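Note sheet for the following structure.
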Amino acid sequence: MVYCTCPPDAADALASGLVEQRLAACVNVLPKIRSVYRWEGALTTDDESLLVIKTTATAFEALRDWLCAQHPYDVPEVIAVPVTAGAPDYLAWVANETR
């Protein structure tokens with residue numbers, strides 16, 4: 001599973017592109033989150049969308065490279081979290097869709 005924040009107006013295109021490229025089986029778009037962070041020395045608060053990306057470990061590097069190339073941020077958040085267990089049929093579907 002991969003998490004990525006992005007501007008709300010870029011979320012649908014990024015999510016669709018990941019699935020179309022078969023880098024992800026599914027992307028959930030959480031449309032409005034509030035992010036508070038330090039950027040270039042200043043405290044910043046932004047409304048963003050959160051992409052929850054279902055993929056495989058094998059597809060991660062290609063997903064990361066595609067997402068970093070397409071993302072509007074200079075330094076996009078692309079964080080992989082290992083899935084240690086899940087419904088076997090669902091995990092098989094994710095693997096099949098990201099081939």
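In Å², what does the accessible area per residue of the chain work out to with a 1.4 Å probe?
Heavy-atom accessible area per residue stands at 62 Å².
Given a Förster distance of 30 Å, report the FRET efficiency between Arg34 and Ala69 from their Cβ-Cβ distance, rounded to the nearest 0.05.
Efficiency at R0 = 30 Å is approximately 0.65.
I need to check one value: relative contact order of the chain, counting alpha carbon pairs closer than 8 Å and at least 6 residues apart, in percent.
Result for the chain is 40 percent.
Given the C-alpha atoms of the chain, compute the convex hull and give its volume per residue in Å³.
100
Compute the acute angle (0 to 90°) between the alpha-carbon long axis of helix 88-97 and the principal axis of greatest extent of the alpha-carbon atoms of the chain; round to the nearest 10°.
Tilt relative to the chain: about 70 degrees.
Carbon and sulfur: what percent of the chain's accessible surface (1.4 Å probe)?
Taking all protein chains in place, the chain shows 54 percent carbon and sulfur surface.
The values are calculated or read from the model by the stated rules, or taken from the named source; none is laboratory data. Computed from a prediction, not measured in an experiment: that's the story for all the values here. With ideal geometry, Cβ positions are generated from the backbone for all residues, glycine too; neighbour counts draw on all protein chains shown. Areas reflect the complete protein model, heavy atoms only, side chains present, ligands, DNA and RNA absent. Shrake-Rupley method; radii C 1.70, N 1.55, O 1.52, S 1.80 Å.
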